[in-house]
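Read-outs: derived from the displayed coordinates by stated rules, not from any lab. Nothing here was measured: the structure is a model prediction, and the numbers come from that model. Neighbour counts run over all protein chains shown; Cβ positions are idealised from the backbone, glycine included.
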Amino acid sequence: MEKKLTFSLGGVDRELDFGKFWFQKFYGEITGKDPLNGSEVVLTPDRQFDFVVNIIFAGLKTTYKVKKKEIDFTIDDVMDWVGEKESDEVVDMINKYVALTTLVPGEAEAPAGA
């Protein structure tokens, strides 16, 4: 299952890929944490900004890596794009990310190599 979302960032619709293993690498590099263990961050308002910036940055880097595109943004760009969003837009982004990356009880990912 593809795990991609598209958001308007910096006035451009940008695709974020959360489904490739590259995402875990890029998210881990910027945070030192596991992107699948972010629920405590989502529930802590003072850490939400960094969480959103980090998932967007890693999701964009994943898309660019897979598509073999030259990265044309920085973490500061992503911070600016997120900071310019209305609060309800950011909540929507978080909700879509969580829904896309959370397994439903009884649903299992295909085993590696399957």
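Some observations on this one:
- For MET79, MET93, the sequence from fewest to most other C-beta atoms within 10 Å is MET79, MET93.
- For LYS3, the residues whose amide H sits under 5 Å from its own are PHE18, GLY19, ignoring neighbours fewer than 5 places away on the same chain, with H placed 1.01 Å from N.
- Amide H contacts of ARG14 (H built 1.01 Å from N, in plane; Pro and chain starts excluded): PHE7, SER8, LEU9 sit under 5 Å, all sequence-distant by 5 or more or on other chains.
- Residues in the stretch 47-55 carry Karplus couplings, in order, of 10, 4, 4, 5, 4, 5, 4, 5, 5 Hz; the curve used is 6.51 cos²θ - 1.76 cosθ + 1.60 with θ = phi - 60°, and Gly or Pro positions show x.
- Label point distance in nm, GLN24-VAL12, each placed 7 Å from Cα along Cα→Cβ: 2.9
- Exposure proxy order (Cβ contacts within 10 Å, fewest to most) of THR74, THR101: THR74, THR101
- Order of ILE75, ILE30, ILE56 under a 10 Å beta carbon neighbour criterion, fewest first: ILE75, ILE30, ILE56
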